[in-house]
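Here is the structure we will look at, set down as structure tokens.
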Amino acid sequence: MLHDFIQPCKNRNRAIISIVHNKASLVQKVLRDTFGYQQFRTGQKIIIDAALNGRDSIVVMPSGGGKSLCYQIPALVQDGLTLVVSPLISLMKDQVDQLLTNNIAARCLNSYMSRDQQQQVMEDCRDGRVKLLYIAPERLMMANFLANLVHWQPKMLAIDEAHCISQWGHDFRPEYGALGQLRQFLPQLPVMALTATADETTRADIIHMLHMQDPLIHISSFDRPNICYTLVEKFKPIKQLLRYVQGQRGNSGIIYCNSRIKVEDITLRLQSSGLIVGAYHAGIDGRQRARVQESFHRDEIQIVVATVAFGMGINKRNVRFVVHYNIPRNIESYYQETGRAGRDGLPAEAMMFYDPADMAWLRKYLEEKAPGPLQDIERYKLNAMEEFAETQTCRRLVLFKYFGEVLQQPCGHCDICLNPPRCYDGLGEAQKALSSIYLVGQRFGIGYIVEVLRGTKNRIIQDRGHDKLRVYGIGREQSYEHWVSVLRQLIQLGLVTQNIAKHSALQLTEAARPVLRGKLPLMLVALRPINTKQSKNSSALKIDSTNYDRNC
């Protein structure tokens, strides 16, 4: 009897070992034969194994880091349907198109589809002809769709852009927060939450909101070593932008702006310079937006000028530069948007044009919101963005410190590392600038003060009699850009404030008194030359030949 008992146990163990071995072999085969890659990137195999074992997981990987394969491969290896929550129709379409080219049974449901098309997708899901269904969270949580899910019994739920679930995330969406209710209908459904940006607080909130039990938490390095992070101060921004883009010599790029009006204006200006440019924002007809995106993917358009509405659906691998014409509201958005560049692992650049006045405008906009926890969160994130913009140390160190990742040494190829700021004794120049602000009555902005300092023959200056002041022309030997830099540093040092309520007029603080009297030393940072071309060291950047995620 004992032998009879042991022999079946041995057979069962062999069967289990055989199943595990066969599943591992199948995973490797799908990676190689379906997606064309020989090996996994760091972390992917662990995440895939967790999914196949029915375990929840949170996956934090940078844009281009390989997130999509983490749920696509389990979807193909196991029987049944995998649901993929996606926030944008353009993203759904792009992912499905990519999968269809690999002969993978993927479909999406969205409002652009006809009733007959939607019905056909539903029938295909019911009959088991679909492996991956991409869907928006709003549609997923509709009562009639949930009823179908109970009958279909899907094998996994993958949630893309999962930071949207948490109020601590940079793009909180209430409809995402409702996804946790799905556990009431499918309590055993494994969930994989994926995002490029989620700090510890956000991750904890995702676990709570989705009712996850002992999830695998995988956090990849946030470093994208092939991207050179660069910032230049705005002086004549349109000319600076045009010079920069022309220096890219036909490379594909994205330019982000903070308003639709600015998108339209910059698009027209670049087009008039002979560049092939498309505009993209939420105010443009959906079909036109789709045409712009398709043309960009096919390299028929060199540059897309866009609001943040253009972003999460970008799977183009050869984007060589991303420009932020205006400073973003938080580091998460900045990091995610710069991640559209260099997804092929080749050298790319993230360029930001910065004006402290933009930061002042964002602060004013924030303070007009209702006080409360959300306002406090946004204020914290905006402060971190300002720290990144105004740092005088390696930008990469500041960027990744925010995400809790500590780098051991400067990166060597951001703008600060390549062109370290030079300090000089700026007391005399500061006294000239502060005196000018005081003598014109503390009623004018940066541009006017610079014109007084440089002795510009301006009718308005003459009408006000400011050409008779002793400071008029006292700084004519320095450039316009130089004096703008000096004034901005005085603002950053707390010697001068910008009164937003009075058209950003410069006004002295109490801290300016000892400087005016020469009682304190003052060091300023020399204006760095603006590099409008790709870094000379770009060819030396680390190239990741295994960067292959076409779909995330």
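The values are calculated or read from the model by the stated rules, or taken from the named source; none is laboratory data. For clarity, every value in this text was computed on a predicted model and none was experimentally measured. Neighbour counts run over all protein chains shown; Cβ positions are idealised from the backbone, glycine included. These area figures cover heavy atoms from the full protein model, side chains too; ligands, DNA and RNA do not enter into them. Shrake-Rupley method; radii C 1.70, N 1.55, O 1.52, S 1.80 Å.
Here are some notes:
- Peptides 271-277, 446-452, 293-299 ranked from most to least packed, by the mean per-residue count of other Cβ atoms within 10 Å: 446-452, 293-299, 271-277.
- Contour minus Cα-Cα distance for residue 365 and residue 401 (0.36 nm per residue): 10.3 nm
- Maximal additional length on extending the residue 111-residue 480 stretch stands at 127.6 nm, based on 0.36 nm per residue less the C-alpha distance.
- Listed residues 52, 391, 66: farthest to the positive end of the dipole of the chain (Cβ charges): 391
- Working from Cα pairs under 8 Å separated by at least six residues, relative contact order for region 157-312 is 18 percent.
- Mean Cα-pair separation over length for the chain, i.e. relative contact order, pairs under 8 Å, 6 or more apart, %: 15
- A 1.4 Å probe run over the chain, with the rest of the protein chains in place, finds 46 Å² accessible per residue.
- Set of lysines near residue 381 by C-alpha distance (under 27 Å), chain-local residues within fewer than 8 positions excluded: 67, 234, 262, 364, 369, 401, 502
- For region 464-527, the list of GluC sites (Glu not before Pro) that fall in a loop by DSSP and count at most 13 other C-beta atoms within 10 angstrom reads 477, 510.
- Taken along the Cα-to-beta-carbon direction at a fixed 7 Å, the label points for residue 462 and residue 357 span 2.5 nm.
- Using R0 = 51 Å, the C-beta based FRET efficiency linking residue 34 and residue 509 works out to 0.20.
- Protection proxy ranking of 216-227, 396-407, by the mean of other Cβ atoms within 10 Å over each peptide's residues and highest first, is 216-227, 396-407.
- Cβ-defined net charge surrounding residue 229, 13 Å radius [Lys, Arg +1; Asp, Glu -1]: -1
- Full extension of the chain between residue 124 and residue 517 gives 133.5 nm of extra length, using 0.36 nm per residue less the Cα-Cα distance.
- Here's the list of aspartates and glutamates a cross-link from residue 468 could span, going by alpha-carbon distance under 18 Å and ignoring same-chain residues fewer than 8 apart: 451.
- Only Cα pairs under 8 Å and 6+ residues apart enter the sum, and on that basis the relative contact order of region 362-435 stands at 20 percent.
- Taking only the alpha carbons of the chain, we obtain Rg and Dmax values of 27.6, 114 Å in that order.
- Within the chain: Cβ-based charge dipole about Cα centre, in debye rounded to nearest 20 (Lys, Arg +1; Asp, Glu -1): 1260
- Solvent-accessible area assigned to carbon and sulfur over region 251-401 amounts to 53 percent, based on a 1.4 Å probe.
- FRET efficiency, residue 238 to residue 98 (Cβ-Cβ, R0 30 Å, nearest 0.05): 0.25
- List 316, 93, ordered by accessible area with a 1.4 Å probe, largest first: 93, 316
- Compactness of region 56-103, expressed as Rg and Dmax over alpha-carbon positions, Å: 11.5, 29
- Coarse-grained scattering of region 329-407 at q = 0.14, 0.18, 0.27 Å⁻¹, given as base-10 log I(q)/I(0) from a Debye sum over alpha-carbon atoms: -0.54, -0.85, -1.38
- Value at 222 nm in deg cm²/dmol, rounded to 500, when DSSP H runs of n ≥ 4 in the chain each add -39,500 (n - 2.57): -12500 deg cm²/dmol
- Size of charge dipole - region 164-317 - debye, nearest 20, with Cβ of Lys, Arg +1 and Asp, Glu -1, no other charges: 720
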